[in-house]
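Worksheet: one structure, shown below.
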Amino acid sequence: MPATAYVLLGPTASGKSTLAMTLAGKYPVEIVSIDSGQVYRGMDIGTAKPTAAERARVPHHLIDLVDPDQAYSAGRWREDCIRAVSSIIDHNRIPLIVGGTMMYYRALVSGLASLPAADQQIRSTLNERAGRLGWPALHAELAEVDPEAAQRISPNDSQRIQRALEVWQITGSALSTLQGGSSVNLPFELKSFSLVPERAVLHRRIAERFDAMLGAGLIDELHALRKKYDLHADLPSMRAVGYRQTWDFLEGNLDRAALREKAIAATRQLAKRQATWLRSFKDVAPAETLESALEMGSRSCK
């Protein structure tokens, strides 16, 4: 039988990392991040990256892989994840993949279809139309041809709306269909679990966590990153929730109260989209059953 890797998914601020660290104190676990923000060096506060002390106590993988002015894709994450998990298994440890980037998870379990290259003419046309009509109007068009993608994409997420409509125009197929890929055999078995708190609890945690990020120096962190790297607002790293609103604050477009309000609202919307993704996945068990699964898995490591 192939070895097993365990996955803990959930919306942002649901408590995944806390649970993972608790379980790692009981079982021979190493954590593999499934977080599209934590791959960027220097983006520590706004991505709730594990502290140096936590990383010294429990090995973490797929964190601090690239600078924030560089690109990083779901396909690259899939390759890095398979390599990291295989290494953990080879060292007779238990891999626990933890995070909330659902596109990465789907890439892991289903593979990635070959998507068309960018078409600058189509992108220029879409940008021109968005300038006249607004991206929410183009989002409504996307909902007609690819409702699954539209449900996951914010009406103001210009980058993803543009790409989804571009793929539709080039291929005549929905991006969500193509991203599903085909079933791909992994060199290990996956057992997946989800942690989804009650909505009011999650909203309270989101607000408390963003206040803590502000108190920890999120604004100063982004200010320092802007001085160190050649960043702009359309980079994938700078489109991350929290950083996008902090960018607007540093540009003078928001005051501190508006920064807080917009970041919390955007994080709630992100959590809602993550929950939508989770409902679409098959064979994902409640997080309450994860410990018993790890208990059984740890027996094979002895």
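Going by amide H atoms built from the backbone, whose H comes under 5 Å of the H on residue 94, apart from near neighbours?
Here 29, 30 satisfy the definition.
Among 70-76, 81-87, how do they line up from the highest to the lowest mean number of other beta-carbon atoms within 10 Å?
81-87, 70-76
In terms of Cα to Cα distance under 29 Å, which lysines are near enough to residue 191, apart from those fewer than 8 places away along the same chain?
16, 26, 49, 272, 282, 302
Using the Kirkwood radius over C-alpha pairs as Rh, can you work out the diffusion coefficient of region 51-136 via Stokes-Einstein at 4 °C, viscosity 1.567 mPa s, in µm² per second?
Stokes-Einstein gives a translational diffusion coefficient of 79 µm²/s.
For region 126-164, list residues with backbone N below 16 Å from a point placed 7 Å from the Cα of residue 282 toward its Cβ?
Label zone hits: none.
Percent antiparallel among DSSP beta bridges with both residues in region 1-158, to the nearest 5?
0
Which of the aspartates and glutamates could a cross-linker bridge to residue 227, judged by Cα under 18 Å and excluding same-chain residues fewer than eight apart?
44, 67, 69, 248, 251
log10 I(q)/I(0), Debye, Cα-only the chain, no solvent, q = 0.06, 0.07 Å⁻¹?
-0.20, -0.28
Under unit Cβ charges (Lys, Arg +1; Asp, Glu -1), what dipole magnitude, rounded to 20 debye, does region 24-81 have relative to its Cα centre?
Once rounded to the nearest 20, the dipole reads 220 debye.
Would you mind listing how long region 120-179 runs along its three principal axes, going by Cα atoms, in whole Å with the largest first?
In descending order, the Cα extents are 28, 22, 16 Å.
So if I place +1 on the C-beta of Lys and Arg and -1 on the C-beta of Asp and Glu, and nothing else carries charge, what would the dipole magnitude of the chain be about its Cα centre? I want it in debye, nearest 20.
Here the chain has a charge dipole of around 480 debye.
For region 120-179, with the dipole built from +1 on Lys and Arg beta-carbon atoms and -1 on Asp and Glu ones, taken about the Cα centre, which of 124, 173, 150 lies farthest toward the positive end?
With unit charges placed on the Cβ atoms, the residue in question is 124.
Based on the alpha carbons, how large is the Rg to Rh ratio for region 1-145 when Rh follows Kirkwood?
1.06
Coordinate-derived values only; no laboratory data. On a predicted model such as this, the values are computed, not experimentally measured, just so you know. Positions of Cβ are generated from backbone atoms using ideal geometry, with glycine treated the same way; all protein chains shown enter the neighbour counts.
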